[in-house]
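Presented below is the structure to which this report refers.
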Amino acid sequence: MPERRWDLTGLGLLSPLLLLLLFAFLLPVAALIPTSLRPYVAGTGVGEGLTLGHYAKALTDSFYLEIILRTVGLGFVVTLLTLVIGYPLAYVLARSTSRWRHWLTLLVVFPLLLNLVVRTFGWIALLARRGLVNQWLIGLGLAEEPLRLMFNFTGLLIGLTHIFLPFMVLVLVAVIQNIPREVEDAARTLGAGFWAVFARVTLPLSAPGILSGSILVFVLTISALVTPRLLGGPTYKVMSTLIYEQFLQLLNWPAGSAMAVVMTLIVLALILLGTRLARRWEARA
Amino acid sequence: MGRFRRSLAATAMAAGLLAGAAATTARSQELNVALFGGSFAENVRTCVAEPFQRATGARVNFVLGNSVQNAARLRATRGRPDVDIAYMDLQVAVQAKNEGLLDQVDAARLTNLPDIYPSAVDPDRRWIGFMYSSTAIAYNPRELRNPPQAWADLWSPSLRGKLAIGDITATSGQHFLIAAARINGGSVENVEPGFRAIRDLRPHVVTLYTQADQVVQLIERGDIAAAVWFSDRVGAAARSGVPVAVVFPREGAVGILPTFSIPIGARSKALAEQYMDRALGAEAQRCFAERQFAGPTNRRVELPDELARLVPYRESVERMYFPPPEIVARSLPAWTERWNREIAR
């Protein structure tokens, strides 16, 4: 058991990051709290006094609850999809000795080099009512009417999964690369087949990567703004677009702040929960 | 390599210093203007900013944003604004005025003010309307031989699956709600009949657009044959070759009054007033009518007949319905909430 005490060198090395987090994350979030408690009078602006009304509304109103659930649900499904698609890809990238490996990695990273708005417009061109996908489906006789692929759950799911896949893959590659091959070889010597090795050795050992990749993708998904605004439109709102609307279309900063605080708390709670679950899983492995 | 890099760094530093020096000398003669983007900004540059720069030697910088973004900017920088002039649609300007963000314009310094229609000037002179536009009906003349002539025609079965309307966050969405209420026995204070009528229409509407420019693509792609849209946008789109024409509906188009204001604490108030005066002058207003299809608020502007038919001008301004901005600003959050639940959902 290593001795637990404040290591000043470690703190010194961490402090630039800690300071950055303090100023770029904690303070702005904390600054939202006083605003979120102010009343708002339409037509005259932010009022004086204190109220919990914006929180009460965000947490009890059926419309807002639906949007909160939808956002969290979207986060889970996108995370799951990127994991299912990303894991095999990451496995191949981490274990391949082919000289194409670097090109494959580049291919995974490539979408990140392209501006987000441009990528999203690409999806609009593909998914629109008369977009490429619908033209092909109808041309091939697979559909009679154009499918609704935009302004709904499907559209956001496709767009966000594509955009956040590289994050999952890159995190997983790093972790899978660090799993000692000897452990897998040992399992194989003891008679385990490929799938048994994978399920009982490789997968549990990559749990930290699965966890950090999932947290990353989940948080990015539920806080994404540009893609939901463009692919979801006014008819399919998520929390971030609702917050944007309160701040920049209705000028109701208190209500927007309250929703932002709620969203931050949901993210923190889910991260804590996820870390706990993963720790338990690791301990069992 | 090392030497090259060092010289590169030196050059960059020198350039930085030069830019810094230029910025300090020009600061006193700089005017920062927050205005709407797209062709609007281009036309303001041609009709107002460039002549102003030539006449005064001051530099005009544009900061682009929509009405609400500009109001949010003023609120966030209250008392120490980083712009000298902010362009906002009337109902947003009224909100900013009520929040105590807008300064009073000095009437003595605005020589063109007496020529502006009184209804386009705030009695307190904290906002001034520089153009008229309207929410009207746009249609594709190649697809509709008998275009809708009235707001009520938009509910006709022949337009099912061919119509786009604005979301409530777009001015045209708010105006369509008001118009729908008015033709069904309601008013701006009682929009209930409007909500009911639009709820019936909603299944037949192709899309709720949030950005005015989306309508251009929708018409070009053939996704829609008609839209509730802005009369000035129709003129600009038609000139660039989009098959689109405007109908001012029989019951009256809904008037839009874009305004500009000087925020309290602006660094160059006198210069800003000079800029406003130029923008309100007959020359700039005529230029803006020709390029932006904006109805002049200066009553001395004479327009050729052909242009007068396309823009809100004289009688057609009088026929338009201008919703009282105080009521719109006060009701908008409730309208938006209800719209999100009943129309957009």
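Read-outs: derived from the displayed coordinates by stated rules, not from any lab. Bear in mind that the values here come from a model prediction, so they are computed numbers and not experimental data. Reconstructed Cβ throughout: ideal geometry from the backbone, glycine too, with neighbour counts over all protein chains shown.
Nearest 10 degrees is fine. How inclined is helix B:282-292 to the longest principal axis of chain B, computing both from alpha carbons?
Roughly 60 degrees between the two axes.
Enumerate by residue number the GluC sites (Glu not before Pro) in segment B:276-345 meeting two conditions: DSSP loop (anything except H, G, I, E, B), and at most 13 other Cβ atoms within 10 Å of the site's Cβ.
Qualifying residues, ordered by number: B:E302.
Distance in nm between label sites at A:S96 and B:Q217, each 7 Å beyond Cα in the beta-carbon direction?
Spacing of the two 7 Å Cα→Cβ label points: 3.4 nm.
Can you tell me the orientation of helix B:269-280 relative to chain B, as the angle in degrees between its alpha-carbon axis and the longest Cα principal axis, to the nearest 10?
40 degrees
Once phi is turned into θ = phi - 60°, what whole-Hz ³J(HN,Hα) does the Karplus curve with 6.51, -1.76 and 1.60 give for every residue of segment B:87-97, x standing for Gly and Pro?
8, 8, 5, 3, 5, 6, 4, 5, 4, 5, 5
Could you pull out every whole DSSP H run in chain A that spans at least 20 Å of Cα extent along its own axis and averages -0.5 or higher on the Kyte-Doolittle scale?
Span-like helices in chain A: A:62-95, A:153-177, A:207-223, A:253-284.
Test of understanding: ordering A:K237, B:K162 by Cβ neighbours within 10 Å, fewest first, what list do you get?
B:K162, A:K237
With label points built 7 Å along Cα→Cβ from the Cα atoms of A:L114 and B:N61, find their separation and express it in nm.
About 3.4 nm, to one decimal.
Defining a contact as two alpha carbons under 8 Å apart and six or more residues distant in sequence, what relative contact order in percent does segment A:73-168 show?
Contact order relative to length: 38 percent.
Would you mind checking which residues have amide H under 5 Å from B:I256's amide H? H placed 1.01 Å from N; only 5 or more apart, or other chain.
B:S133, B:S134, B:T135
Relative contact order (percent) for segment B:227-345, with alpha-carbon contacts under 8 angstrom and 6 or more residues of separation?
29 percent
Of all trypsin sites (Lys or Arg not before Pro) in segment A:96-179, which ones are in loop regions per DSSP and have a Cβ with at most 10 other Cβ atoms within 10 Å?
Passing both the DSSP loop test and the Cβ count: A:R99.
What residues qualify as long-range amide H neighbours of B:V63, i.e. H under 5 Å apart, gap of 5 or more or another chain, H built at 1.01 Å from N?
Under 5 Å from the amide H of B:V63 lie the amide H atoms of B:V33, B:A34, B:L35, each far enough along the sequence or on another chain.
Mind running the shape call on segment A:47-284? Use the C-alpha gyration tensor, a ≥ b ≥ c as the square roots of the eigenvalues: rounded below 1.5 for a/c, prolate if a/b tops b/c, oblate otherwise.
oblate
Which residue, chosen from B:P157, B:Q174, B:S187, occupies the Cα position most advanced towards the positive end of the dipole of segment B:112-190, where the dipole is computed from +1 (Lys, Arg) and -1 (Asp, Glu) charges on Cβ about the Cα centre?
Value: B:P157.
Considering Cα pairs under 8 angstrom that are at least six residues apart, work out the relative contact order of chain B and quote it in whole percent.
25 percent
Fewest to most neighbouring Cβ within 10 Å: what's the order for A:V183, B:V105, B:V121, A:V197?
In increasing order of surrounding Cβ atoms, one gets A:V183, A:V197, B:V121, B:V105.
Calculate for chain B the 222 nm mean residue ellipticity that helices alone would give, adding -39,500 (n - 2.57) per DSSP H run of length 4 or more and normalising by residue count, nearest 500 deg cm²/dmol.
Here the helix-only value at 222 nm equals -13000 deg cm²/dmol.
Please give the calculated 222 nm ellipticity per residue for chain A, where each DSSP H segment of at least 4 residues contributes -39500 (n - 2.57) and the sum is spread over every residue; nearest 500 deg cm²/dmol?
Only helices count here, giving -22000 deg cm²/dmol.
Let me know the shape class of segment A:151-198, please: from the alpha-carbon gyration tensor, a ≥ b ≥ c as square roots of the eigenvalues, rounded when a/c is under 1.5, otherwise prolate if a/b is greater than b/c, or oblate.
Judged from the Cα gyration tensor, segment A:151-198 comes out oblate (a/c at least 1.5, b/c at or above a/b).
Which listed residue (A:T264, A:V108, A:F198) has the Cα farthest towards the positive end of the charge dipole for the protein assembly as shown, taking +1 on Lys and Arg C-beta and -1 on Asp and Glu C-beta about the Cα centre?
Most positive-ward Cα: A:F198.
Give the order of A:T71, A:T44 when sorted by the count of other beta carbons within 10 angstrom, beginning with the fewest.
So the ranking, lowest neighbour count to highest, is A:T44, A:T71.
Under the rule a/c < 1.5 gives rounded, and otherwise a/b versus b/c splits prolate from oblate, where does segment B:156-222 land using the Cα gyration tensor?
Here segment B:156-222 falls in the oblate category.
Which whole-Hz couplings ³J(HN,Hα) result when phi for each residue of segment B:237-247 is put into the Karplus expression 6.51 cos²θ - 1.76 cosθ + 1.60, θ = phi - 60°, listed in order with x for Gly and Pro?
5, 4, 5, 8, x, 6, x, 8, 9, 10, 10
Can you tell me which lysines have their Cα less than 19 Å from the Cα of A:K57? Leave out same-chain residues fewer than eight positions away.
Counting by Cα, and skipping residues close in sequence, A:K57 has these lysines nearby: A:K237.
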